[in-house]
Amino acid sequence: MCGITGYIGYRIASPIIIKGLERLEYRGYDSAGIMVYNQGKLEISKTKGKVADLKKILSDKIHKEANIGIGHTRWATHGEPNDVNAHPHTSNSGDLVIIHNGIIENFNSLRKELSKRGFKFESDTDTEVLINLIEDVKNNNNCKLGKAVQIALNQVVGAYAIAVFDRNNPEEIVVAKLGSPLAIGISKDNTEFFIASDASPFIEYTNNAIYLEDQEMAVISLGTDIKMYKVADDSQVEPYIQELKLNLDQIEKGGYDHFMLKEIYEQPRAVTDTYRGRLLANKGIIRVAGIDDNIEKFLKAKRIIISACGTSWHAGLVAEYLFEDLARIPVEVEYSSEFRYRNPIINEGDIVIAISQSGETADTLAAIKLAKEKGAFVFGVCNVVGSTIARETHAGAYTHAGPEIGVASTKAFTTQITILALIALKLGKAKGVISQEKYQSYLYELESIPEKIEQLLKQDKKIKEIAKIYKDSPNFLYLGRGYNFPVALEGALKLKEISYIHAEGYPAAEMKHGPIALIDENMPIVAIAPNLKHYEKVVSNIHEIKSRKGKIIAIVTEGDVDVKVLADHVIEIPHISEAFSPLITTIPLQLLSYHIAVMRNCNVDQPRNLAKSVTVE
Ligand code: F6R
């Protein structure tokens, strides 16, 4: 939530900052702003709306000379999205400027204290309180900005990634982090520094980056090295510079109209990258380093608790079927936001698996901390390399999906299921609960998934035709059973979040316990009905829908006969085993929601009120 970026170097800062904000816009897009220091003056432009709106108000004249500045794209927490609440925020003296991602939880009491001392506030934000707190500390201690930031942050409760600038010392930016991500890109010759919530704003300039740990801060000065400190006690920290593998192509649309479409189409490649080097089908081997190193713990596990949010939670539900079915380990799947506050019972021998694309979701991070406090071994499944969750867990496995920029998760879901399937198979084999023959056939089948996804993508045109018919429906119902019940939930979530159509996912048999009352001739029902274990049961459910005149869009196995005669539309999927069917059945649902959203003129990549990484609880 919120993207922050900044630049100090020899180039003109504003185009770098604006382009950086465009790349970070997936994190929030309620308002945007920029500050550059230009020949003794602070030039600040900010506005409600997107970075495109900010670009419109930046005149050609300003910002030309400046080669130091900071920028922000906001997802509102405190205070509605408007020009005043947009960042950057300035201190009362007008000397200090800040951009902030996170929440200062004790901002109300700090604001009261500062008001008593004469500070005035223009906005409703916690951030304006923080910058004035820093100013107050700086004045009282007669110290430099870095020291003032350090002292002030020790009075703050909450989360932050901040960049602060002082016009009295205009060759320096001070940054700090707790709970929200912050990276510093460094040019090879140390003449340029880039600040950002993730590496996308600076990857075309440098691959060298420092990721700040929680409660670390850095003073970045032109022409010198970065100095890093611990926020708690001001002790010095040795900067750790990593070389990033990311490249520019991965974060651009590559000819697709939207990132979401590109990411749907990338799934054959993404799934292959997830199992590359891990699945050696013809040797009958699965290697997942984080599991191999801790195999004893997994084999002894009495229970696995999966904690996640949103789409990652749906992948967790699929994993529940996989682990119970293939490895005979009991599984509970928890919403991180509930788990963290429930005083859950965690026993010795329990393993917690946290699933998160971004690796930054605040509730999942809190669930991990709680599980660790209670003595659990915590394993992470993340996509973003070096993310907070990847670092906070005892061990883990990356999905290697590549950057997912569309706010609606697509390739994250299929790659999470892929890695979780590999783990379940590996454990099932090691525990001797799955026969060698079955194990081997699963390995070959996993290898064939990318090709099967390709086959489905070829039906895009047909799915678009179906989207055209139902794009104006106010409601949708998604039904599935067994492994495909989480897919029904995921299909409904995709439609809701990008097209703003109300949709619900249900286990098909639950329909008669309530949702059947919704069915009439106007209700489209997406029935996931591959010819697998529950086929006959789902066919009966489809009969029930048909007799109430519901419109049926069915996902069936190629060659299907029974559903075809009942359904209004069928989308055929290739033959696939029950366990891996979610990897295939989910693809048409992604495409259906994508096309409906486009036809409804919705902003597919940046749906209203959402943000890609939810770093507030
Ligand atoms: C849905 C979506 C969200 C995320 C959720 C968790 O398309 O993107 O529901 O799945 O916010 O995010 P991560 O996986 O980053 O923890």
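The values are calculated or read from the model by the stated rules, or taken from the named source; none is laboratory data. Please read these numbers as outputs of a predicted model, since none were measured by experiment. As a convention, Cβ positions derive from the backbone with ideal geometry for all residues, glycine included, and neighbour counts pool all protein chains shown.
What the table below lists for this structure:
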{"quantity": "Region 137-151 residues that are closer than 15 Å to ILE98 by Cα, paired with ones that are of a type outside the set (Gly, Ala, Ser) and in a loop (DSSP other than H, G, I, E, B) (beta carbon under 7 Å, 6 or more apart)", "calculated": "LEU145/ASN169; GLN150/VAL231; GLN150/ASP234"}
{"quantity": "Failed item, numbered, when LYS369 is tested on (1) among the charged types (D, E, K, R); (2) away from the ligand (no atom under 13 Å from the Cβ); (3) over 19 Å from ILE103 (Cβ atoms)", "calculated": "(3)"}
{"quantity": "Among residues of region 268-290, those that are of a type in the set (A, V, I, L, M, F, W, C), more than 23 Å from the chain's Cα centre (by Cα) and either within 16 Å of the ligand (Cβ to nearest atom) or in a helix (DSSP H, G or I) (or both), counted", "calculated": "2"}
{"quantity": "Whichever residue in region 63-75 is assigned to a strand (DSSP E or B) and not polar (S, T, N, Q) and, among such residues, is surrounded by the fewest Cβ atoms within 10 Å (Cβ to Cβ)", "calculated": "ILE68"}
{"quantity": "Residue check for PHE379: near the ligand (Cβ under 10 Å from one of its atoms), among the aromatic types (Phe, Trp, Tyr) and surrounded by 21 or more Cβ atoms within 10 Å (Cβ to Cβ)", "calculated": "no"}
{"quantity": "Counted residues, region 382-416 - those being more than 9 Å from the ligand (Cβ to nearest atom), within 11 Å of the chain's Cα centre (by Cα) and closer than 17 Å to THR615 by Cα", "calculated": "1"}
{"quantity": "Index of the failed condition, ARG600 passing every other in (1) at pLDDT 95 or above; (2) among the basic types (Lys, Arg); (3) over 30 Å from the mean Cα position of the chain (by Cα)", "calculated": "(3)"}
{"quantity": "Single condition TRP313 does not satisfy, out of (1) free of Cβ contacts under 8 Å to residues at least 40 places away in the same chain; (2) within 12 Å of the ligand (Cβ to nearest atom)", "calculated": "(1)"}
{"quantity": "Any hit, region 525-547, residues being on the phi > 0 side of the Ramachandran plot and in the same structural domain as TYR470 (by TED's automatic domain parsing)", "calculated": "no"}
{"quantity": "Selection from region 291-335 of residues that are in contact with a Ser or Thr (Cβ under 9 Å, 6 or more places away or on another chain), in a helix (DSSP H, G or I) and small (Gly, Ala, Ser)", "calculated": "GLY310, SER312, ALA315, GLY316"}
{"quantity": "Which listed residue, of TYR483, TYR470, is in contact with a helix residue (DSSP H, G or I) (Cβ under 9 Å, 6 or more places away or on another chain), surrounded by fewer than 23 Cβ atoms within 10 Å (Cβ to Cβ) and not assigned by TED's automatic domain parsing to the domain that holds LEU261", "calculated": "TYR470"}
{"quantity": "Among residues of region 417-444, those that are surrounded by 18 or more Cβ atoms within 10 Å (Cβ to Cβ) and either more than 30 Å from GLU497 (Cβ to Cβ) or more than 16 Å from the ligand (Cβ to nearest atom) (or both), counted", "calculated": "12"}
{"quantity": "Residue ID - farthest from the ligand (Cβ to nearest atom), chosen from residues in region 334-350 that are crowded, with 22+ Cβ neighbours inside 10 Å and not charged (D, E, K, R)", "calculated": "PHE339"}
{"quantity": "Index of the failed condition, HIS78 passing every other in (1) touching a helix residue (DSSP H, G or I) at 6+ places or on another chain (Cβ under 9 Å); (2) in a strand (DSSP E or B)", "calculated": "(2)"}
{"quantity": "Number of the exception - PHE194 against (1) in contact with a helix residue (DSSP H, G or I) (Cβ under 8 Å, 6 or more places away or on another chain); (2) farther than 21 Å from ASP166 by Cα; (3) touching a residue at least 12 places away in the same chain (Cβ under 8 Å)", "calculated": "(2)"}
{"quantity": "Of all residues in region 351-362 being part of a loop (DSSP other than H, G, I, E, B), on the phi < 0 side of the Ramachandran plot and touching a helix residue (DSSP H, G or I) at 6+ places or on another chain (Cβ under 6 Å), the one that is surrounded by the fewest Cβ atoms within 10 Å (Cβ to Cβ)", "calculated": "GLU360"}
{"quantity": "Criterion (outside any loop (DSSP other than H, G, I, E, B), more than 30 Å from LEU244 (Cβ to Cβ) and over 13 Å from the mean Cα position of the chain (by Cα)) met by exactly one of GLU338, GLU348", "calculated": "GLU338"}
{"quantity": "Spans of strands (runs of 3 or more DSSP E) in region 194-267 with at least 1 residues within 20 Å of GLY69 (Cβ to Cβ) and within 22 Å of the chain's Cα centre (by Cα)", "calculated": "208-211"}
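So that you can scan it fast, the table gives a plain yes or no per residue for (1) out of contact with any Gly (no Cβ under 9 Å at 6 or more places or on another chain); (2) of a type in the set (A, V, I, L, M, F, W, C); (3) within 16 Å of the ligand (Cβ to nearest atom):
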{"site": "TYR535", "(1), (2), (3)": "yes, no, no"}
{"site": "ALA567", "(1), (2), (3)": "yes, yes, no"}
{"site": "ILE573", "(1), (2), (3)": "yes, yes, no"}
{"site": "ILE587", "(1), (2), (3)": "yes, yes, yes"}
{"site": "ASN601", "(1), (2), (3)": "yes, no, no"}
{"site": "ASP605", "(1), (2), (3)": "no, no, yes"}
